[in-house]
1. Taking the Cβ-Cβ separation of R36 and R83 as r and a Förster radius of 45 Å, what is the calculated FRET efficiency to the nearest 0.05?
2. Would you please give the residues with an amide H less than 5 Å from that of G169, counting only those at least 5 places away or on a separate chain, with H modeled from the backbone geometry?
3. Over the range 3-218, average the accessible area per residue using a 1.4 Å probe and give it in Å², no decimals.
4. Q105 to D56: FRET efficiency via 1/(1 + (r/R0)^6), r the Cβ-Cβ distance, R0 30 Å, to the nearest 0.05?
5. Semi-axes, largest first, in whole Å: what does sqrt of 5 times each Cα gyration tensor eigenvalue give for the chain?
6. Please give every one of the lysines within straight-line cross-link reach of K52, meaning a C-alpha to C-alpha distance under 24 Å, and leave out same-chain neighbours fewer than 8 residues apart.
7. Counting only protein heavy atoms and using a 1.4 Å probe, what share of the accessible area of the range 3-218 belongs to carbon plus sulfur, as a whole percent?
8. Which order do you get for T205, T102 if you rank them by accessible area with a 1.4 Å probe, largest at the top?
Amino acid sequence: MTNEQTYKQVINKIDWLLEIAKRKNWTIMLKPFIDRPATVAEIDSVEMQIGKTIPDDLRKLFYFSKHLEFSYQFDETLSEEFRQNFSGDIYWNLNSLAEQYTNFQEWIKASIDPEYNDIEAIEIMEKLWQDKLPMMDVPNGDIIAIGNSPSEIIYFSHEGDTMHGKILGDNLWNFLDFYSRIGFAGSEDWQLEPFFDFDKNIMVTQGDKVDRYGQLLEK
């Protein structure tokens, strides 16, 4: 798919979820908000504020919409396999990126504090997070971040839980394709774990499990 097709799929999946939510009486936590495209000047201004270049893929996403948000919640149990999943959310916002980046830097600073971390762990952390920017703030305080060339999507757990440092998508557009097809199935680590193969250390973005989850949402 092209970037535009992936973006349109995100919008279409929001509409799809709204129809399901209405039929199944789910709670809409954040009504869909889809802002206008960002301008070059707006993106350049944020880059000046954070002192970093925004990854090309994220810049392209902002050119479709500079701010998008939507979240929902339900009380039913989809299945034993997905017993931890009861909500979904999607978010990005150019206007809040500078504040997100400041908070992200504080978490990084804490994770490389020599008083609590050994030298090897600090070196790994510095290498892992040096070129990353926050994309989504997770409700539990964690962060979904984006890299720069490639624009891999990676999970940052402030408590170092099992999903910490795991790659959720090898680039932004592949992640959005996958994440929209599972109805934005919750950004917290334990909601993403059912789709992660810990033996192979990869996110399962295609196949029966992904299809099955979408079918359970609609059922």
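The values are calculated or read from the model by the stated rules, or taken from the named source; none is laboratory data. What you see is a predicted model; the values in this text were computed from it and never measured. Ideal geometry is used to build each Cβ from the backbone, glycine not excepted, and the neighbour counts take in all protein chains shown. Side chains are part of the model used for accessible areas, which takes the heavy atoms of the whole protein and leaves out ligands, DNA and RNA. Shrake-Rupley method; radii C 1.70, N 1.55, O 1.52, S 1.80 Å.
1. Details: r = 39 Å, r/R0 = 0.87.
Efficiency computed from Cβ-Cβ geometry: 0.70.
2. I153
3. Working: 10710 Å² over 216 residues.
For the range 3-218, the per-residue accessible area is 50 Å².
4. Values: r = 22 Å, r/R0 = 0.72.
Approximately 0.90, to the nearest 0.05.
5. Values: eigenvalues 155, 100, 46 Å².
Result for the chain: semi-axes of 28, 22, 15 Å.
6. K60, K66, K109, K127, K132, K166
7. Numbers: 5110 of 10710 Å².
On the range 3-218, the fraction of accessible area on carbon and sulfur atoms equals 48 percent.
8. Working: T205 45, T102 80 Å².
Order by accessible area, largest first: T102, T205.
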